[in-house]
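Q: Pasting in a structure now, in structure tokens, and then I'll have a few things to ask.
The values are calculated or read from the model by the stated rules, or taken from the named source; none is laboratory data. No experiment lies behind these values; they were computed from the predicted model shown. Because the Cβ atoms are built from the backbone with ideal geometry, glycine has one as well, and the counts that use them run over all protein chains shown. Just the protein is used for accessible areas: all its heavy atoms, side chains included, with ligands, DNA and RNA removed. Shrake-Rupley method; radii C 1.70, N 1.55, O 1.52, S 1.80 Å.
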Amino acid sequence: WTGAACAASWWAYQGAKARVFVSPLDRLGQRLGEAEAVSLLPADAFGAALAWTGREVGAVWQDRRDPGAGYEVYFNRFDPTGARLGPDLRVSGTAGHSIQPVLVWTGTDFVVVWQEAIDRRDPSRFVLAVRRLDATGRPATPALVLAAIPRSAEGPSIAAAPDGTLGVAW
């Protein structure tokens, strides 16, 4: 919510591939213009989580654009009209699937949390990974394991408190 409009994101199949879309909405939930595709490449993509900075929108989603890789998490920033503010950034980078990304703006940087597959032989086992991105979307930290439990850590959500502390639930 910007104070004047908000945005909704969703994924839908376009032909044989899933794509991620974002659309601005007015106070009553009516679409303001056409939906914009967040995922531009001909690869399955799902998501996106959005975070408003006060000037622009950060977005994270998962897609399979890289040959031989599983799903990876990508990030980009968009101005209020939906124009990209740079190239997509690959946030994750492991041999397994990186899925279900969530995003928060802390007031100074973006924080991304996602599920990371830990065993290619057992794709149902996940840890949570986290990475900070600076205000321009550049990596500020390497990707770190946030939660590794014996079974699986799935379905992350994240919130930032006014003092900069973060809460993560899964």
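Q: Average projected area of the Cα convex hull of the range 53-170, in nm²?
A: Details: hull surface 29.8 nm².
Quarter of the Cα hull surface area: 7.4 nm².
Q: Of the heavy-atom accessible surface of the range 24-170 (probe 1.4 angstrom), what whole percent is carbon and sulfur?
A: Working: 4130 of 7480 Å².
The C+S portion of the solvent-accessible surface of the range 24-170 is 55 percent.
Q: Which value, in Å², gives the accessible area per residue of the range 68-170 when a 1.4 Å probe is used on the protein heavy atoms? Show your work: numbers first, answer last.
A: Numbers: 5160 Å² over 103 residues.
With all protein chains present, the range 68-170 gives 50 Å² per residue.
Q: Separation between the Leu41 and Glu154 pseudo-spin-labels, each 7 Å from Cα along Cα→Cβ, expressed in nm?
A: 2.6
Q: Here is a further query. Please give me the summed charge of the neighbours of Ile99: other residues whose Cβ is under 13 Å from its Cβ, Lys and Arg +1, Asp and Glu -1. Before the final figure, lay out the partial values.
A: Working: positive: Arg64, Arg125; negative: Asp44, Asp63, Glu72, Glu116, Glu154.
Around Ile99, the surrounding residues sum to -3.
Q: Starting from the residue with the highest accessible area, list Arg65, Arg132 in decreasing order, probe 1.4 Å.
A: On the way: Arg65 55, Arg132 75 Å².
From most exposed to least exposed: Arg132, Arg65.
Q: Roughly how big is the range 1-89's charge dipole about its Cα centre, with Cβ charges of +1 (Lys, Arg) and -1 (Asp, Glu), in debye to the nearest 20?
A: Values: 9 positive and 10 negative charges, 22 e Å.
Using only the charged Cβ atoms, the result is roughly 100 debye.
Q: Sticking with this structure for a sec: How big is the equivalent ellipsoid of the range 44-122 along its three axes, where each semi-axis is √(5λ) from the Cα gyration tensor, reported in whole Å from largest to smallest?
A: Result for the range 44-122: semi-axes of 25, 13, 9 Å.
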